[in-house]
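Here's the structure we're looking at; comments come further down.
The values are calculated or read from the model by the stated rules, or taken from the named source; none is laboratory data. Worth saying up front: this structure is predicted, and the values here are computed from it rather than measured. Neighbour counts run over all protein chains shown; Cβ positions are idealised from the backbone, glycine included. Each accessible area value is taken on the protein alone, full model and side chains, heavy atoms only, with ligands, DNA and RNA left out. Shrake-Rupley method; radii C 1.70, N 1.55, O 1.52, S 1.80 Å.
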Amino acid sequence: MSTGKDTVVPSGTTGGPGASLPPVPPDRVPDATRDSTSKNYSEYGVAVLLLALGVWAITDAMSLTDLASSKGPVGAKTVPMLVGGLLVLMAILLAVDIARGGRGEQEGGEDVDLSHGSDWRTIGLLAGAFVANALLIERIGWPLSGAILFFGTTYALGSRHYVRNAIISLVMSVGSWYLFYAGLGIKLPVGLLKGIL
Amino acid sequence: MPIVVGYVPSPEGRAALGRAIEEARLRGRRLVVVNASRGDALVDRRHASAGEWESVQQQLSDSGVEFEVTQQIEARDPGDQVLDVAQQTNAELIVIGLRRRTPVGKLIMGSQAQTILLEADCPVLAVKAATS
Amino acid sequence: MDGINSLIEGFGTALTPINLLYAFLGVLLGTAIGVLPGIGPAMTIALLLPLTYTLEPTQAFIMFAGIYYGGMYGGSTTSILLNTPGESASVITAIEGNLMAKKGRAAAALATAAIGSFIAGTIGTLGLALLAPVIVKLAVQMGAPDYFAVMVLAFIAVTTVLGSSKVRGLASLGIGLLIGLVGIDPTSGQQRLTLGIPELADGIDVVVVAVGLFAVGEALWVAAHLRRSPLEIVKFDGASMNRKDWSRSWKPWLRGTAIGFPFGAVPAGGAEIPTFLSYAMEKKLTKHPEEFGKGAIEGVAGPEATNNASAAGGLVPLLTLGIPTTATAAIMLGAFQSYGIQPGPRLLDTQPELVWGLIASLFIGNTILLALNLPLAGVWAKLLRIPRPYLYAGILFFASIGAYAANNSTFDLWLLIIIGALGFFMRRYGLPVVPAIIAIILGPVAEEQMRRALQISNGELSGLYNTAFSQVVYVVIALLLVVPPVVRAVRKRRGGDSDNGPHGLVVDDQPLHAHANQEGL
């Protein structure tokens with residue numbers, strides 16, 4: 001879990017004469033698959049989700065009616081039933097696997113450092129920027145809501161060059177609005193800047 | 001009252017280090033070498049690689065001055081990080097490397113040297129790379 | 001030779017100035033994005049899907065073809081210089097390539113990767129051009145049950161061969177099939193899983209799904225675990241090889257091509273296994289075994305050629321059968337569908353200009369790639385300095401535009417958040433993303449084929465397996481499901497080495513954490 005601070009890598013404090021801290025090694029392949037037991041419960045959450053989706057598919061399938069013209073055992077219900085059944089079965093098998101100590105292997109990547117937990121503050125800020133755009137795009141238009149999205153994202157990811165980021169954000173959103181309008185013929189909402197653009 | 005030098009693996013950075021060693025010897029002070037980067041890009045020119053960092057320390061050992069080195073990666077501007085080290089160690093002098101920048105480049109990317117020059121509490125010695 | 005004549009006509013299509021421009025743009029964009037940390041070809045094509053709203057299909061696919069090859073190559077540049085394989089296919093390249101670079105042989109490593117990719121890509125594309133008409137001739141005889149069987153094979157192969165956990169692979173498949181179900185049942189006209197929301201009646205737009213899973217999900221995942229320490233990039237100047245490098249490289253290039261192409265063409269997914277096979281083979285055949293593990297050029301040349309040949313091979317089932325074998329191919333299939341084109345055996349007859357133009361532009365793109373990459377390797381490396389906040393802000397920004405523009409509605413933006421969150425949690429809990437995307441795009445087609453087969457057989461279930469071809473396919477599926485566990489059990493009883501699944505590949509005690517689900521980064 002993150003402490004919610006921006007400084008993630010501890011800085012090297014000054015040591016004695018000639019001493020130095022080695023640069024932080026790039027933990028490309030950390031072994032984060034066998035975590036403490038506290039994460040067990042969240043693993044079960046995946047099984048619960050699969051179960052819920054499976055039950056949803058099955059109950060929804062029940063409400064479908066077969067056409068009189070359909071022949072044989074396969075009708076409108078069949079495929080949703082099968083998919084729902086697959087999901088329920090996988091929910092059970094996954095729960096068994098977790099109970100036996102199986103863990104989902106977190107996905108690595110060239111820019112991913114799994115040695116620290118998920119940074120929920122960053123995720124929250126990113127989601128906020130995203131939601132702000134969804135709420136505002138039709139009211140104030142893409143040139144402004146897109147800029148808010150871009151600026152909010154750079155802020156969430158730790159960039160603190162407000163002036164630079166604001167300029168880049170506006171250039172991106174106004175530029176993309178023009179690109180879509182002129183280049184692709186798609187008119188994104190113009191909103192408050194109507195008449196200016 | 002040490003001398004703090006902001007080291008960047010570039011001609012300016014090396015010039016600053018060379019001058020800082022001279023100053024340290026001249027004044028009989030301890031030298032604190034800071035290599036600070038933001039660590040927000042996959043590849044950062046400011047960050048000295050292990051090999052470069054080692055050769056810096058070799059150069060320092062050979063010079064015979066008393067020294068400390070610190071390499072830090074923080075989500076802050078490197079200029080602020082150098083200033084912090086200077087403040088903590090109550091530095092007598094900060095030595096930095098300087099390079100020519102376009103006004104637009106400075107506006108967009110900011111200038112770490114400018115931050116240090118304007119905000120340091122102690123004198124700052126700015127060194128340019130040898131023009132050869 | 002059918003293929004050759006059509007191919008020449010295809011060059012006529014591809015060589016018009018505007019199409020050349022799109023090929024060039026595609027290669028440029030693909031390479032740049034392949035180099036950028038955390039963005040792979042699948043995400044790139046997903047982010048560019050909005051272009052399909054207005055661009056001509058031929059032009060869009062010429063561009064996608066450039067991205068497809070360019071992205072593959074861009075990944076190898078970072079593997080060699082930084083030892084950070086972006087795609088699972090470049091994991092092997094990273095081993096010997098980075099060691100070579102550290103020995104001061106970065107130029108030779110980059111050159112053998114670039115030239116090997118060019119040769120493999122060209123031979124592979126030639127293979128595609130020659131093989132496609134042949135397969136189409138066979139495929140036109142395939143009936144609905146045969147298609148359904150092949151699609152089941154694709155589902156099973158992608159979930160069991162790739163990834164470490166079959167349960168999680170199948171769970172991901174189930175989630176994908178479920179998403180594919182949303183909308184109106186094509187046979188009975190009833191709404192399925194729409195929750196009464198009118199926007200869902202048409203189904204979830206492929207752009208929203210692809211962008212959500214691959215761009216938003218990935219960006220959120222990486223943002224939550226951002227690496228904060230800079231990596232050490234190896235210094236290098238340009239890309240070039242000497243005579244000795246050439247003589248040591250050309251055989252691995254050809255062998256790699258021979259391994260990669262067939263693996264790409266079968267629906268067992270991706271370039272991960274063939275690149276490993278190529279590496280093992282070169283290690284065995286080399287005259288310089290002492291260099292392996294210390295930076296042997298054969299260990300870069302072979303796997304890199306394999307990687308590109310399998311990319312070419314992957315286009316064979318996509319264009320002739322409409323079956324994607326990788327995430328990138330699945331998203332390209334989605335792009336076809338958004339044009340109302342269903343790839344399959346009739347595609348070559350109905351859209352000859354599109355298909356042959358696409359194949360011809362693959363040759364052209366490959367040549368542009370070589371011309372760009374040998375001199376520009378240094379420029380690409382500079383892209384690695386872009387601060388991450390801008391990179392990921394850009395991804396989320398373009399993801400949002402694409403999703404909104406799909407239907408000009410904010411509903412798709414909310415859906416994008418939900419699917420993005422799903423993508424995040426799938427990555428967190430080890431559910432591979434590739435089976436899900438293939439299921440979303442292929443699921444509805446498979447259902448249609450199944451129902452057609454059953455209609456023909458008057459509802460008898462035997463209608464699903466009453467052809468010789470479908471029976472063979474089901475036997476293959478059974479083998480796929482039964483053999484690996486049995487082999488593992490036998491090996492365990494013998495007390496042999498560790499389980500050598502695609503996940504536990506061990507090369508000289510260096511564990512290769514090749515994540516199958518990483519293919520579509």
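Does residue C:314 satisfy the condition of being under 15 Å from residue C:121 (Cβ atoms), among the small types (Gly, Ala, Ser) and either without any contact (Cβ under 8 Å) to a residue 40 or more places away in the chain or crowded, with 24+ Cβ neighbours inside 10 Å (or both)?
On the way: under 15 Å from residue C:121 (Cβ atoms): yes; among the small types (Gly, Ala, Ser): yes; either without any contact (Cβ under 8 Å) to a residue 40 or more places away in the chain or crowded, with 24+ Cβ neighbours inside 10 Å (or both): yes.
In short, yes.
Based on this model, can you work out whether residue C:77 counts as among the polar types (S, T, N, Q) and open to solvent by less than 10 Å² (accessible area, probe 1.4 Å)? Reasoning before the result, please.
On the way: among the polar types (S, T, N, Q): yes; open to solvent by less than 10 Å² (accessible area, probe 1.4 Å): yes.
Taking the combined requirement at face value, the residue satisfies it.
Those residues that are surrounded by fewer than 24 Cβ atoms within 10 Å (Cβ to Cβ) and within 12 Å of another protein chain (Cβ to nearest Cβ), I need them from the stretch C:85-112; list them, please.
Passing the criteria: C:98, C:102.
Among C:433, C:445, C:379, which is within 30 Å of residue C:111 (Cβ to Cβ) and of a type in the set (Val, Ile, Thr)? Full working, then the answer.
Values: C:433 fails: within 30 Å of residue C:111 (Cβ to Cβ); C:445 fails: within 30 Å of residue C:111 (Cβ to Cβ).
After ruling out the rest, the residue left standing is C:379.
If you go through the stretch C:206-216 one residue at a time, do you hit one that is within 30 Å of residue C:287 (Cα to Cα) and open to solvent by 10 Å² or more (accessible area, probe 1.4 Å)? Break it down stepwise before answering.
Taking the stretch C:206-216 and keeping what is within 30 Å of residue C:287 (Cα to Cα), we get none.
No, there is no match, as no residue in the stretch C:206-216 is within 30 Å of residue C:287 (Cα to Cα) and open to solvent by 10 Å² or more (accessible area, probe 1.4 Å).
Looking only at residues in the stretch A:61-101 that are farther than 19 Å from residue C:182 by Cα, modelled with pLDDT of 85 or more and more than 7 Å from every other protein chain (Cβ to nearest Cβ), which one is most open to solvent (accessible area, probe 1.4 Å)?
Restricting to residues being farther than 19 Å from residue C:182 by Cα, modelled with pLDDT of 85 or more and more than 7 Å from every other protein chain (Cβ to nearest Cβ), the top hit is A:100.
Among C:342, C:337, which is the only one that is touching a residue at least 12 places away in the same chain (Cβ under 8 Å), outside any helix (DSSP H, G or I) and open to solvent by 10 Å² or more (accessible area, probe 1.4 Å)? Even if it seems obvious, please write down each step before you answer.
Numbers: C:337 fails: outside any helix (DSSP H, G or I).
One residue alone meets the criteria, C:342.
When the residues of the stretch B:50-66 are narrowed to those that are in contact with a Leu (Cβ under 9 Å, 6 or more places away or on another chain) and within 16 Å of residue B:14 (Cα to Cα), which ends up nearest to the other protein chains (Cβ to nearest Cβ)? I'd like the intermediate steps shown before the answer.
Of all residues in the stretch B:50-66, those in contact with a Leu (Cβ under 9 Å, 6 or more places away or on another chain) come to B:56, B:59-60, B:63, B:65-66.
Going one step further and asking which of them are within 16 Å of residue B:14 (Cα to Cα), we end up with B:56, B:59-60, B:63.
Details: B:56: 9, B:59: 12, B:60: 7, B:63: 12 Å.
Applying the filter and picking the extreme gives B:60.
Take residues that are surrounded by fewer than 19 Cβ atoms within 10 Å (Cβ to Cβ) and either within 13 Å of the chain's Cα centre (by Cα) or modelled with pLDDT of 90 or more (or both) and tell me which of the helices (runs of 4 or more DSSP H) falling wholly in the stretch B:78-120 contain 1 or more. Break it down stepwise before answering.
Values: elements: B:78-88, B:103-109, B:112-119.
In the stretch B:78-120, the matching helices (runs of 4 or more DSSP H) lie at B:78-88, B:112-119.
Could you tell me which numbered condition residue C:432 fails, if it satisfies all but one of (1) modelled with pLDDT of 90 or more; (2) open to solvent by 10 Å² or more (accessible area, probe 1.4 Å); (3) not small (Gly, Ala, Ser)?
(1)
Any residue in the stretch B:80-93 that's within 13 Å of chain A (Cβ to nearest Cβ): show its pairings with residues that are part of a helix (DSSP H, G or I) at Cβ separation under 8 Å, as long as the two are six or more apart or on different chains.
B:80/B:115; B:82/B:112; B:82/B:116; B:91/B:85
Could you tell me whether residue C:164 is in contact (Cβ under 8 Å) with a residue 60 or more places away in the chain, within 12 Å of chain A (Cβ to nearest Cβ) and part of a loop (DSSP other than H, G, I, E, B)?
Details: in contact (Cβ under 8 Å) with a residue 60 or more places away in the chain: yes; within 12 Å of chain A (Cβ to nearest Cβ): yes; part of a loop (DSSP other than H, G, I, E, B): yes.
So residue C:164 fits the description; yes.
Could we say that residue C:441 is in a helix (DSSP H, G or I) and more than 8 Å from chain A (Cβ to nearest Cβ) here? Can you show your working first?
Details: in a helix (DSSP H, G or I): yes; more than 8 Å from chain A (Cβ to nearest Cβ): yes.
Considered against the rule, which asks whether it is in a helix (DSSP H, G or I) and more than 8 Å from chain A (Cβ to nearest Cβ), residue C:441 comes out as yes.
Where residues in the stretch C:7-48 are open to solvent by 30 Å² or more (accessible area, probe 1.4 Å) and not hydrophobic (A, V, I, L, M, F, W, C), which of them is nearest to residue C:391 (Cα to Cα)?
Step one: filter the stretch C:7-48 for residues open to solvent by 30 Å² or more (accessible area, probe 1.4 Å), giving C:8-9, C:11-12, C:15-18, C:20-22, C:24-25, C:28-29, C:33, C:47-48.
Subset that is not hydrophobic (A, V, I, L, M, F, W, C): C:9, C:12, C:16-17, C:22.
On the way: C:9: 40, C:12: 38, C:16: 34, C:17: 31, C:22: 24 Å.
If we take residues in the stretch C:7-48 being open to solvent by 30 Å² or more (accessible area, probe 1.4 Å) and not hydrophobic (A, V, I, L, M, F, W, C), then C:22 is nearest to residue C:391 (Cα to Cα).
Using the structure shown, decide if residue C:263 is in a helix (DSSP H, G or I) and free of Cβ contacts under 8 Å to residues at least 60 places away in the same chain. Give the steps one after another, and end with the answer.
Numbers: in a helix (DSSP H, G or I): yes; free of Cβ contacts under 8 Å to residues at least 60 places away in the same chain: yes.
Yes; evaluated as a whole, the condition is true for this residue.
Considering only residues that are open to solvent by less than 10 Å² (accessible area, probe 1.4 Å) and within 11 Å of the chain's Cα centre (by Cα), look in the stretch B:8-30 and name the one that is nearest to residue C:386 (Cα to Cα).
For the stretch B:8-30, the residue satisfying everything is B:13.
Taking the condition of being within 12 Å of the chain's Cα centre (by Cα) and of a type in the set (Lys, Arg), how many residues in the stretch A:122-140 meet it?
So the count comes out to 0.
Within the stretch C:441-467, track down each residue that is more than 25 Å from residue C:342 (Cβ to Cβ) and either of a type in the set (Phe, Trp, Tyr) or open to solvent by 70 Å² or more (accessible area, probe 1.4 Å) (or both).
Across the stretch C:441-467, the qualifying residues are C:458, C:460, C:461.
Residue B:79 passes all but one of (1) closer than 22 Å to residue B:40 by Cα; (2) touching a Cys at 6+ places or on another chain (Cβ under 9 Å); which number fails?
Only one criterion in (1) closer than 22 Å to residue B:40 by Cα; (2) touching a Cys at 6+ places or on another chain (Cβ under 9 Å) is unmet by residue B:79, namely (2).
Would you point out which residue out of A:114, A:149 is touching a helix residue (DSSP H, G or I) at 6+ places or on another chain (Cβ under 9 Å) and either open to solvent by 60 Å² or more (accessible area, probe 1.4 Å) or of a type outside the set (D, E, K, R) (or both)? Working first, answer last.
Numbers: A:114 fails: touching a helix residue (DSSP H, G or I) at 6+ places or on another chain (Cβ under 9 Å).
Exactly one of A:114, A:149 is touching a helix residue (DSSP H, G or I) at 6+ places or on another chain (Cβ under 9 Å) and either open to solvent by 60 Å² or more (accessible area, probe 1.4 Å) or of a type outside the set (D, E, K, R) (or both), namely A:149.
Does at least one position in the stretch C:300-307 carry a residue that is surrounded by 23 or more Cβ atoms within 10 Å (Cβ to Cβ), within 14 Å of another protein chain (Cβ to nearest Cβ), within 30 Å of residue C:392 (Cβ to Cβ) and in contact with a Gly (Cβ under 6 Å, 6 or more places away or on another chain)? Can you show your working first?
Within the stretch C:300-307, the first condition is being surrounded by 23 or more Cβ atoms within 10 Å (Cβ to Cβ), and the residues that meet it are C:300-307.
Narrowing the set further to residues that are within 14 Å of another protein chain (Cβ to nearest Cβ) leaves none.
Within the stretch C:300-307 (the criterion being surrounded by 23 or more Cβ atoms within 10 Å (Cβ to Cβ), within 14 Å of another protein chain (Cβ to nearest Cβ), within 30 Å of residue C:392 (Cβ to Cβ) and in contact with a Gly (Cβ under 6 Å, 6 or more places away or on another chain)), the answer is no, since none of the residues qualifies.
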